[in-house]
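Remarks on the structure that follows.
The values are calculated or read from the model by the stated rules, or taken from the named source; none is laboratory data. Model, not experiment: these values are computed from the prediction. Please note: Cβ atoms are built from the backbone with ideal geometry, for glycine as well, and neighbour counts cover all protein chains shown.
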Amino acid sequence: MIIKEPNIGKRSERDKVERGVSESTDTKWMNAVRLDARGLQCPLPVLKARKALLALRPGERLLVEASDPMSAIDFPHYCVESGHRLIATETNKTILRFLIEKS
């Protein structure tokens with residue numbers, strides 16, 4: 001009989017995938033202004049993000065959480081058109097996360 005040591009306090013790869021964020025990417029999501037756009041439909045998530053970005057200084061980051069599937073198309077296009085940098089995107093079940101750096 002083989003007894004395995006329990007993984008107390010350790011996160012498995014499966015846990016990381018279920019959370020949708022690996023430990024290596026956790027740091028880039030930190031220190032960002034957060035915008036909760038969950039429940040809003042197109043074009044409101046992008047419009048609210050635009051307003052929030054106006055209040056930020058160049059180089060600061062905005063983390064947007066949205067539930068509208070069209071956000072996956074809208075935010076990359078918005079960043080290209082406005083000149084802001086889309087640092088990362090992530091999908092976790094029904095929530096889409098976008099990390100945008102103001103130009």
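Checking each residue in the stretch 63-99 for being part of a strand (DSSP E or B) and more than 15 Å from R38 (Cβ to Cβ) picks out R85, L86, I87, A88, T89, L99. In the stretch 52-60 there is no residue matching the filter, namely being more than 12 Å from A32 (Cα to Cα) and under 15 Å from the mean Cα position of the chain (by Cα). For the criterion of being assigned to a strand (DSSP E or B), within 13 Å of F98 (Cβ to Cβ) and either in contact with a helix residue (DSSP H, G or I) (Cβ under 9 Å, 6 or more places away or on another chain) or of a type outside the set (S, T, Y) (or both), L35 passes.
Being at pLDDT 85 or above, under 18 Å from T94 (Cα atoms) and not acidic (D, E) is the requirement here; does L62 meet it? No: the conditions fail for L62. Evaluation of R85 against the conditions (1) surrounded by 15 or more Cβ atoms within 10 Å (Cβ to Cβ); (2) in contact with a helix residue (DSSP H, G or I) (Cβ under 8 Å, 6 or more places away or on another chain) shows that the sole unmet condition is (1). Considering (1) modelled with pLDDT of 80 or more; (2) not in a helix (DSSP H, G or I), the lone condition that I8 does not fulfil carries the number (1). Contact annotation: residue pairs with Cβ atoms under 9 Å, 6 or more positions apart or on different chains, pairing a residue in the stretch 42-63 that is under 15 Å from I87 (Cβ atoms) with a partner that is outside any strand (DSSP E or B) and hydroxyl-bearing (S, T, Y), are A49/Y78; L53/S82; P58/S103; G59/S103.
Within the stretch 75-103, count every residue that is among the acidic types (D, E) and closer than 20 Å to L56 by Cα. So the answer is 2.
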